[in-house]
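The block underneath contains the structure these notes are about, expressed in structure tokens.
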Amino acid sequence: MADNGQNEAFEPEITVFTCIYCGYMSADTAGALRLQYPPNIKLIRLPCTGKTDVHYILKAFEEGADGVYVVGCPIGNCHHVRGNERGKARVERAKKLLDEIGLGGERLEMFFVSGGMGATFARYAEEMTERIRKLGPNPLKNGRSPRPEREEK
Ligand code: FES
């Protein structure tokens, strides 16, 4: 049950950026093992999480995602050498921006998995869905401001 105090039936929409190597393979492994995970996530494949752009992340929120996370290869095992480190830095930068604009950096996360880690992929999907359920809907939905309105004096 949601405890965001806004909508008991709230089901978050979560955009997940994965690299086409370990990130996507872990999702594939979860599927092959018939592991259950919430249907709230929508996968978008990138050649590498190094292609993650702060603009893509902000755009996902602007288009109504309640949460976003990025799944890449383990640090040291990126197929593009250090792409996942660049992706991590961009996620950190985007988290700060989300805090600054009042949307909340906790709506964004990055995870590192190897291709065989289907159970871990499913667990992250569960954890993020639960986290975002507690945070409530993206305040940008329905044209709401992420910051509470100031009272006029
Ligand atoms: Fe997977 Fe770079 S190829 S994170």
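The values are calculated or read from the model by the stated rules, or taken from the named source; none is laboratory data. Quantities reported herein were computed from a predicted structural model and do not represent experimental measurements. Don't worry about glycine lacking a Cβ; one is built from the backbone with ideal geometry, like all the others, and counts go over all protein chains shown. Side chains are part of the model used for accessible areas, which takes the heavy atoms of the whole protein and leaves out ligands, DNA and RNA. Shrake-Rupley method; radii C 1.70, N 1.55, O 1.52, S 1.80 Å.
What are the residues in the range 84-142 that are open to solvent by less than 40 Å² (accessible area, probe 1.4 Å) and among the polar types (S, T, N, Q), if any?
Asn84, Thr120, Thr129, Asn138
Of all residues in the range 27-46, how many are touching a strand residue (DSSP E or B) at 6+ places or on another chain (Cβ under 7 Å) and either within 16 Å of the ligand (Cβ to nearest atom) or closer than 24 Å to Glu85 by Cα (or both)?
Final tally of qualifying residues: 7.
When only residues in the range 47-56 that are more than 10 Å from the ligand (Cβ to nearest atom) and part of a helix (DSSP H, G or I) count, which is farthest from Cys78 (Cα to Cα)?
The qualifying residue farthest from Cys78 (Cα to Cα) is His55.
Can you confirm whether Ile75 is at pLDDT 95 or above, over 15 Å from Ala27 (Cα atoms) and part of a helix (DSSP H, G or I)?
no
Given the conditions (1) more than 16 Å from the ligand (Cβ to nearest atom); (2) within 16 Å of Glu126 (Cα to Cα), which single one is not true for Val71?
(1)
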